[in-house]
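Written out below as structure tokens is the structure these notes cover.
The values are calculated or read from the model by the stated rules, or taken from the named source; none is laboratory data. This structure is a prediction, so every number in the text was calculated from the model and none was measured. No Cβ is skipped: glycine too gets one built from the backbone with ideal geometry, and neighbour counts run over all protein chains shown. Calculation scope for accessible area: heavy atoms of the full protein, side chains included, ligands and nucleic acids excluded. Shrake-Rupley method; radii C 1.70, N 1.55, O 1.52, S 1.80 Å.
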Amino acid sequence: MRNPRLVILDYGVGNLRNLERAFAHLGIAARISSDPEVVHRATHLVLPGVGAFGAAMDELRSRGLEPVVRSVAQSGVPLLGVCVGFQMLFETGHEFGRHAGLGLLEGEVLRFPAEVRPVPHVGWNQVIQTQAHPLWKDIPDGAFFYFVHSYYAAPQVSGQVLGATDYGLRYASAVAGDNVMGVQFHPEKSHQVGLRLLHNFASL
């Protein structure tokens with residue numbers, strides 16, 4: 001594998017060090033940065049995220065990084081959103097009100113229905129691969145990944161859904177629209193299959 005200039009975006013929200021350690025385990029020197037110049041030079045960009053959708057978007061905007069992420073995505077650089085970073089790729093989130101996302105993918109982020117218990121969805125669950133994609137290389141269909149979330153993405157473009165997970169309803173847990181990709185689960189906490197997915201992303 002060629003050596004990518006992989007950047008994990010630091011906007012004050014996200015599990016940065018665990019992602020950095022996961023890539024290091026793969027022999028990939030990922031750089032954590034909030035410097036727009038560094039981000040613009042990246043060959044691969046990871047958008048992490050934990051907590052609430054609106055608060056994460058507020059942090060991204062307050063640091064002037066929203067247009068940087070948009071520019072990188074529009075340039076064709078592979079971008080991977082993780083957990084709340086995945087949710088932020090969509091147009092709208094409904095966590096503690098209605099909030100605008102990055103709008104790189106069409107769709108919204110909704111709370112699990114009231115009849116779904118317990119919420120948040122925490123723990124291991126399967127991802128059913130709904131279409132072939134380089135992210136799934138050498139990952140078996142139905143592999144278990146680690147999840148922590150109370151809201152789920154509802155993409156408008158069904159053809160962008162790469163994987164689905166059942167938790168009271170079937171929802172999109174992995175998506176891709178050209179170079180913009182996202183996963184609801186935490187690959188850095190998902191043992192060998194998670195590491196394999198990160199390897200596959202860095203190999204794009």
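Rounded, prolate or oblate, given the Cα gyration tensor of segment 86-142, with a/c below 1.5 counting as rounded? Note, shape of segment 86-142 comes out oblate.
What shape does segment 140-203 take by its C-alpha gyration tensor, where a ≥ b ≥ c are the square roots of the eigenvalues and a/c under 1.5 counts as rounded, a/b above b/c as prolate, and the rest as oblate? Intermediate values should be presented prior to the final figure.
Working: a/c = 1.86, a/b = 1.17, b/c = 1.59.
Cα axes put segment 140-203 in the oblate bin.
Note on SER203 and SER150: the model spin-label points, each 7 Å out from Cα along the C-beta direction, lie 3.8 nm apart. As a fraction of the 1.4 Å probe accessible area of segment 1-124, surface on carbon and sulfur atoms comes out at 48 percent. Within the shell defined by Cβ-Cβ distances under 14 Å, the residues around ALA153 carry a net charge of -2, with Lys and Arg each +1 and Asp and Glu each -1.
Over the residues of the chain, the helix contribution to mean residue ellipticity at 222 nm works out to -6500 deg cm²/dmol, using -39500 (n - 2.57) for each DSSP H run of at least 4.
Taking only protein heavy atoms into account and a 1.4 Å probe, give the accessible area per residue of segment 1-128 in Å². Walk me through the numbers before you get to the answer.
Numbers: 5710 Å² over 128 residues.
Accessible area per residue: 45 Å².
Positive contributions from Lys and Arg (+1) and negative ones from Asp and Glu (-1), summed over other residues with Cβ under 15 Å from the Cβ of GLU20, come out at +3.
Taking max minus min of the alpha-carbon positions on each principal axis, the chain gives extents of 46, 38, 29 Å, largest first.
Computed from label points 7 Å out along Cα-Cβ, the spacing between ASP138 and ARG21 is 2.3 nm. Along segment 45-59 the Karplus relation, 6.51 cos²θ - 1.76 cosθ + 1.60 evaluated at θ = phi - 60°, assigns HN-Hα couplings of 10, 10, 10, x, x, 9, x, 8, 3, x, 5, 5, 5, 4, 5 Hz to successive residues, with x for each Gly and Pro.
Could you work out the longest stretch of the chain that avoids the trypsin sites (Lys or Arg not before Pro) located in DSSP loops with at most 11 other Cβ atoms within 10 Å? Display every interim value, and only then the final one.
On the way: sites that count: ARG2, ARG98.
Answer - 99-204.
Take the Cα of ASP166, step 7 Å toward its Cβ, do the same at LEU110, and the gap between the two points is 1.9 nm.
Shape summary: segment 51-100 maps onto an equivalent ellipsoid whose semi-axes, from the alpha-carbon gyration tensor, are 19, 12, 9 Å in decreasing order. Can you give the net charge of the other residues whose Cβ lies under 13 Å from the Cβ of LYS189, counting K and R as +1 and D and E as -1? Neighbour charge sum, excluding LYS189 itself: +1. Rounded, prolate or oblate: which one fits segment 73-192, using the alpha carbon gyration tensor with axes a ≥ b ≥ c (rounded when a/c is under 1.5, else prolate when a/b beats b/c, else oblate)? Oblate, since a/c reaches 1.5 and b/c is not below a/b. With θ taken as phi - 60° and the Karplus curve 6.51 cos²θ - 1.76 cosθ + 1.60 applied, the whole-hertz 3J(HN,Hα) list for segment 105-114 is 10, 7, x, 9, 10, 10, 7, 4, x, 4 Hz, x standing for glycine and proline. Separation of segment 148-164 and segment 80-121 by C-alpha centroid, Å? The distance from the Cα centre of segment 148-164 to that of segment 80-121 comes to 9 Å. A Förster radius of 22 Å, combined with the Cβ-Cβ distance separating HIS191 from ARG5, puts the computed FRET efficiency at roughly 0.25.
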